[in-house]
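What follows is a single structure, written as structure tokens, with notes after it.
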Amino acid sequence: MQRRERTRHLIELGGLVQKAGLVDLTQDDRATIYGALLELVGKALCDDAGSTLALWKRRGKRAFDTEAEESITNA
């Protein structure tokens, strides 16, 4: 059961990478995607991690909310 949950979790994370546009932007180059993610982690660790993570969380929530509103409007 844990294996299925982990697999589902990883699939959802991959979906976020796709949704964010990284796959199209990088033409599905996994080394570039991985490098971009490492850059984000490095930035968060060098800056004030708490404020950087809070900023990312706000942006993500806004994007999810906008998407939800658009799906309701288009329904």
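The values are calculated or read from the model by the stated rules, or taken from the named source; none is laboratory data. The structure displayed is predicted, hence computed values, not measured ones. Backbone-built Cβ (ideal geometry, glycine too); neighbour counts: all protein chains shown. Each accessible area value is taken on the protein alone, full model and side chains, heavy atoms only, with ligands, DNA and RNA left out. Shrake-Rupley method; radii C 1.70, N 1.55, O 1.52, S 1.80 Å.
Taken over region 27-47, the criterion of being open to solvent by less than 100 Å² (accessible area, probe 1.4 Å) and acidic (Asp, Glu) is satisfied by ASP28, ASP29, ASP47. Which residues, taken from region 29-47, are closer than 24 Å to PHE64 by Cβ and in a loop (DSSP other than H, G, I, E, B)? Within region 29-47, just ASP47 meets the criteria. Reported count of residues in region 5-60, each being modelled with pLDDT under 95 and among the polar types (S, T, N, Q), is 2. Taking the criterion of being more than 15 Å from the chain's Cα centre (by Cα) and open to solvent by less than 100 Å² (accessible area, probe 1.4 Å), the only residue of region 1-26 that qualifies is THR7. Residue pairs whose Cβ atoms lie under 6 Å apart, sitting 6 or more positions apart in sequence or on different chains, and linking a residue in region 36-63 that is of a type in the set (Gly, Ala, Ser) to a partner that is assigned to a helix (DSSP H, G or I), are ALA44/THR52.
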